[in-house]
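The values are calculated or read from the model by the stated rules, or taken from the named source; none is laboratory data. What you see is a predicted model; the values in this text were computed from it and never measured. Cβ atoms come from the backbone with ideal geometry, glycine included; neighbour counts cover every protein chain shown. Accessible surface areas use protein heavy atoms only, side chains included; no ligands, DNA or RNA. Shrake-Rupley method; radii C 1.70, N 1.55, O 1.52, S 1.80 Å.
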Amino acid sequence: MKSLIIAGRLIRQISGDKRTVGLMIVAPILIITIIYYMLASGVSTINLDIVEGSAVDHELLEGMAAVRVVPDEEEAVARLEAGLSDGYIYNDKYVVEGSNPGVSNLVRKVYAEYAMQEKLAALPPQAAGAAEELRAPLPVEAYYGGDDYEQFDFLAPSMMGLIICFLIFILSGISFLRERISGTLERLMVSSLRRGQLVVGYFLGFGVFAVLQTVVIQAFMIYVLQVHTYANFFLILLINLTIAGTSLALGTLLSAFARNDFQLFQFIPLVIIPQALFCGLIDMRETPAVFQYLSQLFPLTYGAEALRDVMLRGMGLGDVLPALLIMLGFMLFFIALNVRALRKYRNI
Amino acid sequence: MTCKIEAVDLWKQLGAEQVLQGIDLRMDAGEILGVLGPSGSGKTTLIKCLLGILSLNKGSVKINGTAIPNLKLMDNIGYMAQTDALYEDLTGLQNLVFFARLKGMKRKDAYAQACSLMKMVELSRDQEKKVVNYSGGMKRRLSLATALIGDPGIIVLDEPTVGIDPLLRDLFWQEFHRLKACGKAIIMTTHVMDEAEKCDRLILIRNGRIIRDGGPEQLKAETAEGTLEAIFIRSARQGREGGEAV
C-alpha cells in the first residue's frame with residue numbers, strides 16, 4: 001500500500017511537469033525518426049568523372065554511376081578534392097577518393113562490374129550467354145523476415161530498448177538523487193515506510209511511464225515508420241518493463257554515489273554508452289572475445305536480444321524467458337544493493 | 001511525567017571526526033528541550049541519532065521504552081529538517097496529504113488534517129499552489145506543518161525558525177506552547193538566544209558533549225553576565241581553542 005502511495009506521488013509529480021512528459025514522448029520519436037531517415041539516406045549512387053579521351057564505354061558506365069566527362073585530369077582532381085566526385089577514370093588509371101570506406105567499396109564494385117561487363121562484351125555471343133547464366137543469383141529464402149526488410153527493421157528493437165533504458169535511468173536517478181539532496185528521503189525515513197517499499201514504489205511509478213513510452217514508440221514504429229515487426233504487444237511490453245526495471249534499479253542505486261545531478265551524469269559513459277554499444281546496434285560477432293564477455297555484464301544486451309527475437313523472429317515467451325530471468329536477476333541485485341545503501345538513512 | 005526519550009552514552013563518528021562523545025539525555029512528555037551549540041558542535045547529528053535515521057557507533061535510544069529505530073514508533077515522530085525537505089513540484093496540500101498517507105492515515109482524514117494544518121500555518125489561501133512558487137517563509141511554514149501531520153507525540157525540529165520573520169516566529173512559538181500543553185515532547189536546535197529562553201530546558205553541546213543542562217534561568221544565573229548569549233559565545237570560543245570549561 002505504501003509503495004502505491006510513493007508511486008502515486010511520482011506519477012503526480014512527473015505528469016505535472018509537462019517538459020518531462022514531453023521529453024519522455026517526443027525524445028524517443030525524434031531520435032527514432034532521425035535514425036530512420038539517416039539509415040534510409042545512405043549512399044546508393046556514386047559520382048564518377050571520366051577524363052575526355054579515355055577509352056571507356058560511357059553508356060555502360062552510365063548504367064552503374066552518375067557519370068560526368070571532364071576535359072583533363074587536373075579538373076578531375078579538383079572536382080574530387082572538392083567532394084564533387086567519388087573517383088575518376090583517366091585512360092587505364094582508375095582512381096577512388098578513398099577517405100570513406102563505404103563509398104570507396106561502392107566505387108570499387110562499379111569498377112569491377114564495369115571490367116566484368118567489358119570482358120563479357122568481348123566474348124563470342126554464345127560464351128557471353130553462358131557466362132551471364134553463371135552469374136545468375138541463387139534463389140535464397142529468408143528464414144526470418146523477408147527481402148523487404150531494411151537495416152532499420154533490424155536496429156529498431158535495440159533502439160527501442162536503448163531509449164527506454166536511457167530515459168528511465170536518467171529520470172529515476174535524478175528523482176532519487178533529489179530525494180536525497182532535498183532532505184525528503186530523510187523525512188520519508190522518519191515514517192514507518194520500509195526501504196524496500198520505497199524502491200518498489202519507485203519501480204511502480206516509473207513503470208507507468210515505461211508502459212507509456214513502449215506504447216508510443218511501438219505505435220510510432222508500426223503505424224508511422226511501418227517497421228516490420230511481429231506485433232506481440234504484451235510480450236514486447238513485458239520485455240520493455242523488465243528493461244525499464246533494471247535501468248531504474250541501476251539509476252536509483254548509482255544516485256547513492258552522486259552528490260549532485262552533474263555527478264550522476266558522469267555515470268552515463270560508464271553504464272549507458274557501453275550498453276548502447278553492446279545492445280546490437282553494432283554487430284559484435286567479430287569483436288575481440290573480451291568485449292563479447294564484457295557485453296554479458298550489461299542487462300540491455302539480454303533485453304535487446306529478447307526484443308529482436310520477438311519483433312524480428314516472431315518468438316514467444318518461452319524463447320525469451322531465459323533473457324527475462326537474467327534481467328530480473330540484475331534488477332533484484334541492484335535493488336538489494338540500493339536497499340542496503342539506504343541503511344545509511346535507517347538500518348531497518 | 002512520562003519519560004518520552006532516553007538516550008544513553010551516544011557515540012557517533014562521521015569520517016575521521018568523533019561527532020558525539022558519550023551523550024546521555026532524558027526527556028519528558030510536555031517539555032520543550034532546546035539544543036544549543038556552535039556550528040559543527042553535533043546538534044544535527046544528535047537529532048538524527050535520536051530519530052534513528054543515523055546509526056550509532058555506541059549507545060542506545062529508547063522512545064516510550066522501545067529501542068529505536070522501530071517502524072511502529074516512527075509514525076509517532078514529526079521531523080522538521082534544516083532544509084525544507086518538500087516536493088516542490090507538488091502543491092502545499094499535496095505534500096501534506098502525501099506525508100499523512102505515509103503515516104497510515106486514510107485519504108479523507110489525511111485531507112482534513114492537512115487542510116487544518118494549512119490553516120494553522122496560515123497557508124490556506126496558497127494550499128493549491130505548487131511549492132516551487134512559495135517564498136522561503138512559506139516553505140518553512142509548510143515544513144513545520146509537515147512535521148506536525150499525523151499528530152505525533154514527539155516533535156523534532158532542526159532550527160525551525162531560521163530565515164523567518166518575527167511575526168511568523170511568534171506564530172510558531174504559539175503553536176509550540178499549544179503542543180506542549182497537549183503533552184507533546186518537543187526537541188529543537190536553535191541559534192537564536194531569545195528563542196532559547198522560551199524553552200523549558202536547554203542543553204549546551206560542544207565538541208559532541210553536553211556541557212550544560214538546565215532551565216534557561218538556571219543557566220543564566222551561572223554566568224556573571226546573566227545572559228544565554230554570553231554562555232554561548234564563551235562556549236564557542238573555548239571550543240575553537242580546544243578548552244573544556246565554560
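Could you check, for the stretch B:183-190, whether at least one of its residues is surrounded by 15 or more Cβ atoms within 10 Å (Cβ to Cβ), of a type in the set (Lys, Arg), over 13 Å from the mean Cα position of the chain (by Cα) and assigned by TED's automatic domain parsing to the domain that holds B:Pro160?
no
Identify all residues within the stretch A:149-161 that are in a loop (DSSP other than H, G, I, E, B) and either over 14 Å from A:Leu225 (Cα atoms) or in contact with a helix residue (DSSP H, G or I) (Cβ under 9 Å, 6 or more places away or on another chain) (or both); write none if there are none. Step through it out loud before you land on a result.
Narrowing the stretch A:149-161 to residues in a loop (DSSP other than H, G, I, E, B): A:149-150.
Within the stretch A:149-161, just A:Glu150 meets the criteria.
A:Ala130 versus (1) open to solvent by 30 Å² or more (accessible area, probe 1.4 Å); (2) of a type in the set (Gly, Ala, Ser); (3) in contact with a helix residue (DSSP H, G or I) (Cβ under 7 Å, 6 or more places away or on another chain): which is the lone unmet condition?
The failed condition is (3).
Output the number of residues of the stretch B:78-104 satisfying the condition of being of a type in the set (Gly, Ala, Ser), farther than 13 Å from A:Ile5 by Cβ and more than 7 Å from chain A (Cβ to nearest Cβ).
Qualifying residue count, the stretch B:78-104: 2.
Residues of the stretch A:195-211 being among the small types (Gly, Ala, Ser) and more than 25 Å from the chain's Cα centre (by Cα), which ones?
Hits for the stretch A:195-211 are A:Gly196, A:Gly201, A:Gly205.
Does A:Gly53 count as under 30 Å from A:Arg178 (Cβ atoms) and either surrounded by 14 or more Cβ atoms within 10 Å (Cβ to Cβ) or not basic (Lys, Arg) (or both)?
no
Looking at (1) within 14 Å of another protein chain (Cβ to nearest Cβ); (2) open to solvent by less than 20 Å² (accessible area, probe 1.4 Å), find the lone condition where B:Met27 falls short.
Of (1) within 14 Å of another protein chain (Cβ to nearest Cβ); (2) open to solvent by less than 20 Å² (accessible area, probe 1.4 Å), only one is false for B:Met27: (1).
Could you please find all residues in the stretch B:71-108 being touching a strand residue (DSSP E or B) at 6+ places or on another chain (Cβ under 9 Å), touching a residue at least 60 places away in the same chain (Cβ under 8 Å) and in a loop (DSSP other than H, G, I, E, B)?
Matches in the stretch B:71-108: B:Asn76, B:Ala81, B:Gln82, B:Ala85.
Can you name every residue in the stretch B:71-80 that is at pLDDT below 90 and either under 14 Å from the mean Cα position of the chain (by Cα) or within 10 Å of A:Val190 (Cα to Cα) (or both)?
Initially, the stretch B:71-80 is screened for residues at pLDDT below 90, giving B:71-76.
Within the stretch B:71-80, B:Leu71, B:Leu73, B:Met74, B:Asp75, B:Asn76 qualify.
Taking the residues in the stretch A:141-187 that are without any contact (Cβ under 8 Å) to a residue 12 or more places away in the chain and not charged (D, E, K, R) as candidates, determine which candidate is surrounded by the most Cβ atoms within 10 Å (Cβ to Cβ).
A:Thr184
Open to solvent by 10 Å² or more (accessible area, probe 1.4 Å), over 21 Å from the mean Cα position of the chain (by Cα), among the small types (Gly, Ala, Ser) and at pLDDT below 95, is that true of B:Gly136?
Judged against the criteria, B:Gly136 is not a match.
Among the residues of the stretch B:39-53, which ones are open to solvent by 20 Å² or more (accessible area, probe 1.4 Å) and of a type outside the set (S, T, N, Q)?
Hits for the stretch B:39-53 are B:Gly40, B:Lys48.
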